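Structure, as structure tokens:
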Amino acid sequence: TKERFGGNHAAVCLLDESIPTDLQQKIEAEINLSETAFVLKNGNAYDLRWFTPKLEVELCVHATFD
């Protein structure tokens, strides 16, 4: 978008340690954006999970690259 604060918003939560799925879902419901990505470093890789306010989804590109 060319407008400030426009477009399809998403959140990214960087985790220091794993947290339960139900807590990730509650955090996303509180944030209440279209998607929230949860990122956890795992050795030389990263674990990624994406949630909408209602459920976990398999992939969300815009939350991954925000």
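For the range 22-47, what are the residues that are out of contact with any Cys (no Cβ under 9 Å at 6 or more places or on another chain), in a strand (DSSP E or B) and open to solvent by less than 90 Å² (accessible area, probe 1.4 Å)?
Matches in the range 22-47: LEU40, ASN42, ALA45, ASP47.
Scan the range 26-48 and report the pairs whose first residue is at positive phi and whose second residue is open to solvent by less than 70 Å² (accessible area, probe 1.4 Å), with Cβ atoms within less than 8 Å and a gap of 6+ or a chain change.
The qualifying pairs are ASN32/PRO53.
The values are calculated or read from the model by the stated rules, or taken from the named source; none is laboratory data. Predicted model only: the values in this text are computed from it and were never measured. Every residue, glycine among them, receives a Cβ derived from its backbone with ideal geometry; neighbour counts consider all protein chains shown. Side chains are part of the model used for accessible areas, which takes the heavy atoms of the whole protein and leaves out ligands, DNA and RNA. Shrake-Rupley method; radii C 1.70, N 1.55, O 1.52, S 1.80 Å.
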